[in-house]
Amino acid sequence: MITWLSLLYLAALIGMAVYGLLGLVTLLFYWRYRHKAYPAPAVADDHLPSVTVQLPIYNERLVLPRLLDAVAQLDYPRNRLQIQVIDDSTDETAGLADDLVRRFQAEGVNMEWVRRENRAGYKAGALAAALPRASGAFLAIFDADFQPPPDFLRRTVPHFLDDARLGAVQARWGHLNDDASPLTAAQAIAMDKHFIIEQTVRHRADLFPKFNGTAGVWRRSCLESCGGWEPDTVCEDLCLSTRAVLQGWKFLFLPDVVAPAELPASINAYKSQQARWAKGSTQCLLKYWRLIVTCKDQTVAARLYALLSMSAYSTHLLLLTLLLLLVPLVALDFRFSSHWFWIGIAGIGQPLLFIMSQEILYTDWPRRLRHFPTMMLLAMGLAASNCRAILQALLRRGGPFVRTPKGDALNPRLRYRLPADWIVVVELGLAVYAGIGLILALRYANYGPLLFLTTCGLGFGGVAIGTLWEQRRDEG
C-alpha cells in the first residue's frame, strides 16, 4: 500500500515541479526581454482613429460614478470618441447610470446608456449586444472598478497605426486599495507577478499572448474576424485572445501604461474571482487544446507555454492530491528519501517570480514582501474552491458568470457582499486533516512534511475562518 501511495505522491510532486520549472523558465525569458521598450508613436489629432470605450456594468452603484468621471476625462478628440455604458443591472445602478449619462451628455461628452433587459451571455453577451451600436474602429474596454488615466488612449491607440496585424493592446493593472488590508496587499503581489513578469514574457517572447478582459484596446476588425465575443466560457477574454492568436493576430503589452483597479476587499469576493478564472481557463483549455497543439504557425515553445498557462490552476488539484496522500503516508511512517528534495526544489520557481515582481516595480519592495506569507497561505486556502470550479468545467457544467463584487476603495465599508457556501465546510475539514497529519509527523519524528502540512492547515483554516467571520459581520 505504501508503494502505491508513494508513487501517486511522487507523480503529483512531479506535476508541481513542472509548473515550478515553468516559473524558472519564465524568469529567464523575462531577463532576456525586460529592456525592450515600445514608446507610443506621435500621431496628430486629425490622424487618430475613432475609438469606442465600452463599460460593461452589473450592479455597480458603488464604483460607477468614479468610473464615468475617469472615462469622461480621457484625453482624446471628442469627435473621435464614443463611450458606451453597457448596463445589465438589476438594482438601483440602472437609475444611477441613466442619470450620470444624461449629466455627461449635457456637458458635451459623447456617452450613451446601452440597457439590456436580461443578462444573456453575461459580460460577453453585453459586449456583443453593444457592438452594432459602436462607432469606433477600436474598442477600449474597462470593468467598473477601473480608473484609467487621462492619457490612456493616447498611449495605446497609436501603436495600432504602426502594424496592421496588431489585434489588441493590453495595459498593466494597478491597484487602488493594495494598502487597505493584508488581504488586498497579498493579492497585489500575485497580480503584479502576473502582469509585470508573465505578461511581459508572453507578449515579448511571442508565447501565446493574451488579453486580460479589461484595461486594453481591441482592433474592431480583429475582434469581428475572430467571431466576436462568445459566451460559452466564463473567461471570454482568454477565449477571444486564443482565437486571435490562432488566426495570426499580434498582441502588445505595455507595462508602463497602468490602469488602477480595485482589488477584492473580502475573502468571499476573492474566492469568487479566482474560481471564475480557474473555471474559465479550464473551459478554454478544453475548447482549444487541439487547435493549439496542431497550430503550425506557433512554435512548439509557444504551444507548450499556452497549454501550461491555461492549465495552471490544476496546481490546486495537485496540492490537494499531495495533502490527501501525505497524511496516510505519514501515518504509515513513510520516510521521504533525500532524492525527493531535488524534485521539490523546482517549486522555488513560482515564489521567485512573486519576489522579483516586487523588486522590479517598487522601491519599498522589502516592506511589501512582508505580505508574501499571507499570499502563499491564501493560494493554499483557495485550493478547495478552485478545484470545485475546475471539476465543474471538466464535467461541462455551465453556471452563471459570477461577477466579483466591487466596493468603494475610498470607503471600504461600502461594498457588495457574497454569501458563504458549503465549500467552507470542506476547507475546515482539510484544515483539521492537515492538523492530524502534523500531529502524526511530530509523533513519529518525521520532520520532512512539517512545513507543507503547516501551510495547508493555516491556509485552509485561515480562509475558512475568514469566510465565516465575514459572513457573521455582514449579517450582524
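The values are calculated or read from the model by the stated rules, or taken from the named source; none is laboratory data. Treat the numbers as computed from the prediction; the structure is a model and nothing was measured. Here the Cβ is made from the backbone with ideal geometry for all residues, glycine too, and neighbour counts use every protein chain on show.
Could you tell me whether Glu230 is buried (at least 24 other Cβ atoms within 10 Å of the Cβ), modelled with pLDDT of 95 or more and touching an Asp or Glu at 6+ places or on another chain (Cβ under 9 Å)? Spell out how you get there, then give the answer.
Working: buried (at least 24 other Cβ atoms within 10 Å of the Cβ): no; modelled with pLDDT of 95 or more: yes; touching an Asp or Glu at 6+ places or on another chain (Cβ under 9 Å): yes.
Spelling it out, it is not the case that Glu230 is buried (at least 24 other Cβ atoms within 10 Å of the Cβ), modelled with pLDDT of 95 or more and touching an Asp or Glu at 6+ places or on another chain (Cβ under 9 Å).
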| query | What are the pairs, 6+ residues apart or on separate chains, where a residue within segment 332-360 that is at positive phi has its Cβ under 6 Å from a residue that is at pLDDT 80 or above and outside any helix (DSSP H, G or I)? | reply | Asp333/Tyr444
| field | Residue list for segment 174-189, restricted to those being out of contact with any helix residue (DSSP H, G or I) (no Cβ under 6 Å at 6 or more places or on another chain) and either under 17 Å from Tyr362 (Cα atoms) or among the hydrophobic types (A, V, I, L, M, F, W, C) (or both) | value | Gly174, Leu176, Asp179, Ala180, Leu183, Thr184, Gln187, Ala188
| note | Residue set Thr184, Thr156; condition of a type in the set (Ser, Thr, Tyr), touching a Gly at 6+ places or on another chain (Cβ under 9 Å) and in the same structural domain as Trp249 (by TED's automatic domain parsing); output residue Thr156
| Does segment 364-376 contain at least one residue that is of a type in the set (Phe, Trp, Tyr), closer than 18 Å to Tyr313 by Cα and modelled with pLDDT of 65 or more? | no
| message | So for segment 204-212 (the condition being outside the structural domain of Leu369 (by TED's automatic domain parsing), part of a loop (DSSP other than H, G, I, E, B) and within 17 Å of Gly136 (Cβ to Cβ)), does at least one residue qualify? | response | yes
| query | Any residue in segment 79-88 that is in a loop (DSSP other than H, G, I, E, B), crowded, with 19+ Cβ neighbours inside 10 Å and either modelled with pLDDT under 95 or in the same structural domain as Trp229 (by TED's automatic domain parsing) (or both)? | reply | yes
| Are any of the residues in segment 259-277 farther than 30 Å from Phe460 by Cβ and at pLDDT 95 or above? | yes
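Can you tell me how many residues within segment 309-368 are outside any helix (DSSP H, G or I) and not small (Gly, Ala, Ser)?
Result for segment 309-368: 9.
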| Just a yes or no: is a residue in segment 17-31 under 30 Å from Ala70 (Cβ atoms) and touching a helix residue (DSSP H, G or I) at 6+ places or on another chain (Cβ under 8 Å)? | no
| task | Determine which member of the set Ser385, Ser357 is modelled with pLDDT of 95 or more and over 26 Å from Val258 (Cα atoms). | result | Ser385
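If I filter segment 426-467 down to residues being of a type in the set (Gly, Ala, Ser) and more than 14 Å from Leu324 (Cα to Cα), which single residue comes out as farthest from the chain's Cα centre (by Cα)? Spell out how you get there, then give the answer.
Step one: filter segment 426-467 for residues of a type in the set (Gly, Ala, Ser), giving 429, 431, 434-435, 437, 441, 445, 448, 457, 459, 461-462, 464, 466.
Filter once more, keeping what is more than 14 Å from Leu324 (Cα to Cα): 441, 445, 448, 459, 461-462, 464, 466.
Numbers: Ala441: 36, Ala445: 40, Gly448: 33, Gly459: 20, Gly461: 24, Gly462: 22, Ala464: 22, Gly466: 22 Å.
In this case the residue turns out to be Ala445.
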| remark: Counted residues in segment 89-110 being over 20 Å from Asn59 (Cβ atoms), surrounded by 12 or more Cβ atoms within 10 Å (Cβ to Cβ) and touching a residue at least 24 places away in the same chain (Cβ under 8 Å) come to 3
| Do we find a residue being charged (D, E, K, R) and surrounded by fewer than 19 Cβ atoms within 10 Å (Cβ to Cβ) anywhere in segment 57-64? | no
| request: Count, please, the residues in segment 28-56 that happen to be surrounded by fewer than 17 Cβ atoms within 10 Å (Cβ to Cβ) and in a helix (DSSP H, G or I). | output: 7
| task | Could you check, for segment 166-187, whether at least one of its residues is in contact (Cβ under 8 Å) with a residue 60 or more places away in the chain, hydroxyl-bearing (Ser, Thr, Tyr) and surrounded by 20 or more Cβ atoms within 10 Å (Cβ to Cβ)? | result | yes
